[in-house]
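Report on the following structure.
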Amino acid sequence: MCVEEKIDKEVEGIEKLGFCGAELEKIPIFAGSPMEKICENTMAMDSNSSQIINFVPIVRSGEWSDIGSRRYMEDTHVCIADLAKKFGQHSLDRDVVSFYGVFDGHGGTGAAHFVRDNLPRVIVEDSDFPLKLEKVVSRSFMQTDKQFAKTCSVQSGLSSGTTALTAMIFGRSLLVANAGDCRAVLSRLGVAMEMSKDHRPCCIKERMRIESLGGYVDDGYLNGQLGVTRALGDWHIEGMKESSQVGGPLSAEPELKMITLTKEDEFLIIGSDGIWDVFSNQNAVDFARRRLQEHNDIKKCCKELVGEAMRRSAMDNLTVVMVCFHLEPPAQIMVRRGRIPRTISAEALQSIKCLLEEKK
């Protein structure tokens, strides 16, 4: 068993003890637009479903965001039902590719908006789309980052950074790409399945990568300045990035996770870190399942998740995108819970996970 699996088991055990911290308006995409979000009616059914004997996901999505207690809104997001069609491309594959993303900006909104507006287009225009999607997505993150650097060289006012988490659904496949500390969690029959890893300086693998590239971690911050170890943008911060092939300690390269969806997979929650500061993975899944069972309105569910995060005194901007894989609400499932009071926060769980990793 590898170190990460051991850590995940440790943290999963803690959570099992009870420690748990629509219809959408169609909006066209324009590069550099000042919109806070881009969403479509994301109801899509695989056109090749007649040839698939097993589960065929019926995709529907919703979203909600709030400025929270911050003075400025630096989160943004995107929901696209048919990625190729959106950009006027003809796909060689008959499966519709749906695209969802959450982008948490810092130091301004320039990077978050640029990545939101350009990353989907860069993916579609790659010559290997959609047949080699994992390679395409990794290349596109890096290419979009370099394009932003060039843009900032002539428009310095855009200089900023952003984390990015995207989810793509094609046929029965789900591909999640993450650079930063947004998070994606899958509900599988009510059990939270982590689909991404937070990229923070406390994680030993990230720290080793940083130090090998000339960076350092000081008081929990990359080079004493950033609370994340992967992000797009931030080219204006000295010592963070290099234009060479090796790159600097701050990386725009995403970590990927791809799975084959089954009928047990109910929905995916994508949230900016403000959500996960006050929700554990399982707590968020439990909350969303209950709301969907009550009204089966995915956009309303997102709004209620954000509202609950604010009620729990979340201190950051808040953004949630949810993607359901069924038309029906989640089934009622009896889940045993520990009787120990829930006195540990989601943020504390993350700290415990990092500490356990360092001790291995």
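For V246, the criteria (1) crowded, with 17+ Cβ neighbours inside 10 Å; (2) at pLDDT below 95 hold in every case but one, which is (1).
Given the options E266, E304, E328, name the one that is surrounded by fewer than 18 Cβ atoms within 10 Å (Cβ to Cβ) and either part of a helix (DSSP H, G or I) or modelled with pLDDT of 95 or more (or both). The conditions single out E328.
Residues in the range 235-263 that are under 27 Å from M73 (Cα atoms), in a loop (DSSP other than H, G, I, E, B) and under 19 Å from the mean Cα position of the chain (by Cα): 4 in all.
Here is the figure for the range 169-220: residues that are out of contact with any helix residue (DSSP H, G or I) (no Cβ under 8 Å at 6 or more places or on another chain), over 30 Å from D265 (Cβ atoms) and not in a loop (DSSP other than H, G, I, E, B) total 7. Residue pairs, Cβ under 9 Å, 6 or more apart or interchain, first in the range 315-330 and among the charged types (D, E, K, R), second assigned to a loop (DSSP other than H, G, I, E, B). List them. Pairs found: D316/G68; D316/S69; D316/R70; D316/S272; D316/D277; E328/N296.
Looking at the range 70-85 only, could you name the residues that are within 15 Å of V124 (Cβ to Cβ) and either crowded, with 19+ Cβ neighbours inside 10 Å or at pLDDT 95 or above (or both)? Listed by number, the residues that qualify are V78, I80, A81, D82, L83, A84. Would you check if there is a residue in the range 102-123 being in contact with an Asp or Glu (Cβ under 7 Å, 6 or more places away or on another chain), surrounded by 18 or more Cβ atoms within 10 Å (Cβ to Cβ) and modelled with pLDDT under 95? No; the residues of the range 102-123 include none that is in contact with an Asp or Glu (Cβ under 7 Å, 6 or more places away or on another chain), surrounded by 18 or more Cβ atoms within 10 Å (Cβ to Cβ) and modelled with pLDDT under 95. Screening the candidates T166, T76 for the property of being in a strand (DSSP E or B), touching an Asp or Glu at 6+ places or on another chain (Cβ under 6 Å), within 22 Å of C182 (Cα to Cα) and hydroxyl-bearing (S, T, Y) yields one hit, T76.
The values are calculated or read from the model by the stated rules, or taken from the named source; none is laboratory data. This is a predicted model, so every value here is computed, not measured. Cβ coordinates were reconstructed from backbone atoms using ideal geometry, including for glycine residues, and neighbour counts include every protein chain displayed.
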